[in-house]
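Worksheet: the structure to be examined is printed underneath.
The values are calculated or read from the model by the stated rules, or taken from the named source; none is laboratory data. All of these numbers come straight from a predicted model, not from anything done at the bench. Methodologically, a virtual Cβ is constructed for each residue, glycine included, from the backbone with ideal geometry; neighbour enumeration extends over all protein chains shown.
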Amino acid sequence: MTEPSILPACCPTLITHWPLPHTLPGVVLVSGAFDPKQLSESDFQRSRIDAPANIQRAVAKRQAEFLAGRLCAREALQQLDGRHYVPDIGEDRAPVWPVDICGSITHSHGWAAAIVGQRTQWRGLGMDMENLLNSDRAQRLAGEILIPDELQRMAAGPTDNVALLVTLTFSVKESLFKALYPLVQKRFYFEDAEVLHWSADGSARLRLLIDLSPEWPSGCELDAQFSVRDGQLLSLVSITAP
């Protein structure tokens, strides 16, 4: 029998909840706050999570966010089907999930989360969390994140939405990459997808602008969802199994 692990002081509580507007059947999402200042040298051992060599060499912030993300992932898998598993880091730096599981891990300042589902129901789950940009920074970064058509729509819209729009565009494209990369094994970038539209109810739609595979050609459209809470934006792209 596996002995229960102990949550460290840097990530003392995990919660299972659904902070997004549209629930997904058979999917578990676990999150938790973390504080790098509370991290101690023994936290990985006490939590029964192995730290890869590059994490062992990292600063406290990176160690704490990795540990918190893996704690969330392990708890999500435990709740999904009872298995005790912690995703390793692959050569491409993505989490290595069991072959019958798809999932995603994300972290932002002081917050981490993981989402998992069975591949019989879900082919891809991509989740991303970002701190909301302020207006000045959003204006500066817009040209690096948004493609020309997106910039044109931003310029035509209300200025009050610029910070949300730029943050949202960044986040949903990150989520899109996390959902599709395991399926296509091909890297793509901000300019390779377009946010066609989004609404205040937490829905968005994206279109690929690059051929990723015969199944995922340029012009293919996918739905996303998002929520904004406590100055952070969480987004999710989910792909159902056939």
For this session: Kindly indicate whether any position in segment 52-66 is closer than 20 Å to residue 234 by Cα, in contact (Cβ under 8 Å) with a residue 12 or more places away in the chain and among the small types (Gly, Ala, Ser).
Result: yes
For this session: Would you check if there is a residue in segment 138-152 being more than 21 Å from residue 224 (Cβ to Cβ) and not in a helix (DSSP H, G or I)?
Result: no
For this session: Determine, yes or no, whether residue 217 is of a type outside the set (Val, Ile, Thr) and closer than 22 Å to residue 97 by Cα.
Result: no
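Identify all residues within segment 211-242 that are out of contact with any Asp or Glu (no Cβ under 6 Å at 6 or more places or on another chain) and assigned to a loop (DSSP other than H, G, I, E, B); write none if there are none.
Within segment 211-242, the subset out of contact with any Asp or Glu (no Cβ under 6 Å at 6 or more places or on another chain) is 211-216, 219-232, 234, 236-242.
Listed by number, the residues that qualify are 211, 212, 213, 214, 215, 216, 219, 220, 230, 231, 241, 242.
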Exercise. Among the candidates 91, 75, 41, which residue alone is touching a residue at least 12 places away in the same chain (Cβ under 8 Å), outside the structural domain of residue 225 (by TED's automatic domain parsing) and either surrounded by 13 or more Cβ atoms within 10 Å (Cβ to Cβ) or not polar (S, T, N, Q) (or both)?
Worked result: 75
For this session: Kindly list the number of the only condition in (1) in a strand (DSSP E or B); (2) in contact with a Phe, Trp or Tyr (Cβ under 8 Å, 6 or more places away or on another chain); (3) over 25 Å from residue 156 (Cα atoms) that fails for residue 204.
Result: (3)
Exercise. Could we say that residue 195 is more than 24 Å from residue 18 (Cβ to Cβ) and either touching a His at 6+ places or on another chain (Cβ under 7 Å) or buried (at least 19 other Cβ atoms within 10 Å of the Cβ) (or both) here?
Worked result: no
